[in-house]
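First the structure, then my questions, so here it is.
The values are calculated or read from the model by the stated rules, or taken from the named source; none is laboratory data. All values reported here derive from a predicted model rather than from experimental measurement. When we count neighbours, we look across all protein chains shown, and the Cβ atoms used for this are built from the backbone with ideal geometry, even at glycine.
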């Protein structure tokens, strides 16, 4: 419903929107980095040790980024609902 | 070496411990709720059922066989969780709002609460979970077998099949005891979730313990382990791009579509913040689980004899190093991985089976009002228990049929590929409003069939279900129908081949049929609800009012939710409606909430069907929607009509009020005039009488008598003038005046008026050039108006140096003459009245007239086809006389 949304935002909500964009982009970046091994060619040109270090390093970087983003985006998630049945 | 009895005892104690944890948590949660149960930590740990025995044992075997390819199974879910903002958040939001109980429920609910789609998804899920459950049984059997490799005598009675059977039976009992003890309105199992969180910790610690042992005790720290990897036969590994991409994708999809993952991610979640934490914490868990896989594999290859099963390295490496306690710990870790997966999968699948297959069948078979008669709760619980047993029995059968010979990872991937068939319908349903039930059902069926044919049936191997001839040459010798080379695609390995074709054909059918078909109204409502999950307030379709009897609904709800819970819900609803007792009005909102509540127990489709039975109404039909729309349109029209009417009324009332005010004022004026006119008449009459009496006495000198007679004469003239004015006005008002038309110049007319009015002490400004306008009108009457206005200015202009400006303008055949003085003008409230008869402003004792001048002017101008109006805002009193240059009005009266 675009007509209900303001066209421009205050600095804080603008920041939050860009953080959401970052959260959406992070898996794309991760996918790209994780697909790099496809280009590595025949077994003679690379070794398990360096490949493993690369993959686990990228993995860790993604986890750290996700951690920072989830902390920043925490307030944007829906507040816990009170359980109706209790 | 650990004796067999000790092993079994350890298992039993461990299971008993889990049982106790689950039991205590459930009891405490029931009493007052436990805050930490809702913490993101427990949630994240419960997600770890993704890491089953396949991860615990199989990953090492996978690494030993294919190098780093094993990480794809964990990279996919990492991406899915890191990208939680896209998909998982929406799933959880929808799941909470619609009280989704399973993945089949989600898909069926999205596609118009269609049970057909629910049944297809359920069947697909059950069949595809079968290999996976078999995998867990196989891994537990293998791990028992690993201990049996020692002294054989105590294991003599033990055959692999028997072990698997006992494990299956034990797990069935555990799952039945915990998964189906009660029917929760939200289908949440807090006790089980806690037990699984405990198991998650156990398996992580066990794997880490083996990893640390291998890196720091067998090898000499990280650098040594890296050197050993480089020296082993694992130093080089082959990246197969199609497998790398395909497996990453498949593992990522598995997070959304595996029934047990859906259960822990969506159904058991409490709020989105848990997901926010899990978005990094769960990838971290996977990271930790994968970190030591390669080192364990390398050390296993070094220390164990050639031909040892690499799937068991986690267990056999500590054994070979004579670390009995560590081996025991690892065994319990593997046991945890297997049991937690089987328990959650069995719960999820049994929910689906009972909600989408058993309940609808029962509703159909049972007589129409049976929802009121039988004990639905009991039937739901029994059907769940039987479903759990059936699911495990299927897994066991698969295990026996395939002979338990395959690598763990290969079996797991078959299962993933089957579950992934739900993906197009799910993603389409969440992001595309045009996705329809027909499209979803067709896509699912085609994907399911292709998967069965290309992957599942061949997995039994040999000649059990598909003959070797069909595998090699295709059915009836048609080569392009070979299960592993469909349409001549021979370059892909069987797994990727199956994923490729099943998902491609699935998606094609889904999209094509969605585009070609038209969704039902409920589908469209649900579609909008799902796709716009973040924009909308809850509430979908409403039930037709007044069709369902509150009492019947209460009776039915009691049978599903249990008496206490149902009564509490009804009482609360009644209270919000401001009523006492247990029977609220069956408003659409109430029915809607009740349906959601029930759908938590029996699924959306069944809940919808049950309420439909009682409510007697059908599902929302197009006619209903049209009726509602019409009604709304009518109401809107009525209200807008009312609005117009009330505006009109307000306008009329305003006009009436204005008219009334004017009338009141006029009436006051008339009274004042009567007083005035009697005074005006009386004053000359009095002097006439007095002077004529003096004359009658007759003893006056002739000059005096002459003077008195002059006064009497003047007074009679004044009287005559007054009466003339009144007569004139009445003639003008009745339109009976005779107009005499003549050619005259405006300048001459103004000259005449100025000399006639002869205002003493009034300076006159004129623009003689502009006055050169020749008129064809009644000059006498027009001059009368001018004279009146000029003499008024002379009389009323209160400036120290009174000045009158006469401005003339000609425009489109009309002439405007403005008379503007520099006095204080006429106050605003009096402007509307000055042209009325008998109008006088304030106490104008020096005004000679009777207040008829301007009224006469107005009438004259009206007769001349023009107007005279007060012109405000000119810095003094100002009047504008406007009239046509050529008098044309009422020719009959123009002489």
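Any idea which residue in the stretch A:15-26 is nearest to residue B:297 (Cα to Cα), counting only those that are more than 7 Å from chain B (Cβ to nearest Cβ) and free of Cβ contacts under 8 Å to residues at least 60 places away in the same chain?
Selected residue: A:25.
For residue B:62, work out the one condition from (1) within 11 Å of chain A (Cβ to nearest Cβ); (2) crowded, with 24+ Cβ neighbours inside 10 Å; (3) more than 30 Å from residue B:593 (Cβ to Cβ) it doesn't fulfil.
It is condition (1) that residue B:62 fails.
Given the criteria within 19 Å of residue A:37 (Cα to Cα) and in contact (Cβ under 8 Å) with a residue 12 or more places away in the chain, does residue B:70 qualify?
Criteria met by residue B:70.
Say we look at the stretch A:27-46 and pick out the residues that are more than 7 Å from chain B (Cβ to nearest Cβ) and crowded, with 16+ Cβ neighbours inside 10 Å; which of these is farthest from the chain's Cα centre (by Cα)?
Selected residue: A:46.
Now for a different question. For the stretch B:201-241: of the residues being within 9 Å of chain A (Cβ to nearest Cβ) and not in a loop (DSSP other than H, G, I, E, B), which is farthest from residue B:64 (Cα to Cα)?
B:241
Right, next: If a residue has to be touching a residue at least 40 places away in the same chain (Cβ under 8 Å) and facing chain B (nearest Cβ under 7 Å) to count, how many in the stretch A:47-69 make the cut?
1
Confirm whether residue B:553 is at pLDDT 70 or above and either crowded, with 17+ Cβ neighbours inside 10 Å or touching a helix residue (DSSP H, G or I) at 6+ places or on another chain (Cβ under 8 Å) (or both).
Spelling it out, residue B:553 is indeed at pLDDT 70 or above and either crowded, with 17+ Cβ neighbours inside 10 Å or touching a helix residue (DSSP H, G or I) at 6+ places or on another chain (Cβ under 8 Å) (or both).
I'd like to check something: does the stretch B:102-111 contain any residue that is in a helix (DSSP H, G or I), assigned by TED's automatic domain parsing to the domain that holds residue B:364 and surrounded by fewer than 22 Cβ atoms within 10 Å (Cβ to Cβ)?
no
Which residue, of B:793, B:760, is touching a residue at least 24 places away in the same chain (Cβ under 8 Å) and surrounded by fewer than 20 Cβ atoms within 10 Å (Cβ to Cβ)?
B:760
Matching residues to (1) at pLDDT 70 or above; (2) assigned by TED's automatic domain parsing to the domain that holds residue B:96; (3) closer than 18 Å to residue B:109 by Cβ:
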| site | (1), (2), (3) |
| --- | --- |
| B:568 | yes, no, no |
| B:575 | yes, no, no |
| B:612 | no, no, yes |
| B:616 | no, no, no |
| B:625 | no, no, no |
| B:628 | no, no, no |
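Go through (1) in contact (Cβ under 8 Å) with a residue 24 or more places away in the chain; (2) more than 42 Å from the chain's Cα centre (by Cα); (3) within 14 Å of another protein chain (Cβ to nearest Cβ) for residue B:253 and report which single condition fails.
Going through the list (1) in contact (Cβ under 8 Å) with a residue 24 or more places away in the chain; (2) more than 42 Å from the chain's Cα centre (by Cα); (3) within 14 Å of another protein chain (Cβ to nearest Cβ), residue B:253 breaks only (2).
In the list B:266, B:293, which residue meets the criterion of being more than 10 Å from chain A (Cβ to nearest Cβ) and touching a residue at least 40 places away in the same chain (Cβ under 8 Å)?
B:266
Does residue B:539 count as surrounded by fewer than 14 Cβ atoms within 10 Å (Cβ to Cβ), away from chain A (no Cβ under 14 Å), at pLDDT below 75 and over 30 Å from residue B:381 (Cα atoms)?
no
Ok, one more. Quick one: how many residues across the stretch B:525-536 are assigned to a helix (DSSP H, G or I) and either within 8 Å of the chain's Cα centre (by Cα) or at pLDDT below 55 (or both)?
1
Next up: How many residues are within 22 Å of the chain's Cα centre (by Cα), farther than 20 Å from residue B:432 by Cα and more than 11 Å from every other protein chain (Cβ to nearest Cβ) when one looks only at the stretch B:77-122?
1
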